[in-house]
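Only one structure is covered here, and it is reproduced in the block below.
The values are calculated or read from the model by the stated rules, or taken from the named source; none is laboratory data. Note that the structure is predicted; figures quoted are calculated from it, not measured. Glycine also receives a Cβ, built like all others from the backbone with ideal geometry; neighbour counts cover every protein chain displayed.
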Amino acid sequence: MNRVLYHYTSIYHLPMILETGYLKLTESNLRIETVGYKPVVWLTDSDNPSDHSLEFSAVDKTEVKVTVKWNKFFKRWMIWSKKNKITLDLPKRLKRE
């Protein structure tokens, strides 16, 4: 298991991260309805932003890479997505090839 994970973001979002000193939980962008809303921070074990499908963002989320130490409270994608009934085609778009 990797001891660190990465969060990719844009120059636009960087000042908010630096000001607060943490990555804020935000909407997951995976479901339209708000019932059972699950806020997230997207992390990956890949140190290369080109390994991920980030084109659905309005800003370039490959500009900044934040390194995060592994935390026992993090949720693994495949377990979390199944538990939260995420549409099956979405995990395929987000996972590395």
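Values as computed for the structure displayed
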quantity: For residue 66: the one exception among (1) farther than 24 Å from residue 22 by Cα; (2) aliphatic (A, V, I, L, M); (3) modelled with pLDDT of 80 or more; calculated: (1)
quantity: Qualifying positions in the range 1-10 - over 20 Å from residue 72 (Cα atoms) and either exposed (fewer than 11 other Cβ atoms within 10 Å of the Cβ) or of a type in the set (Gly, Ala, Ser) (or both); calculated: 10
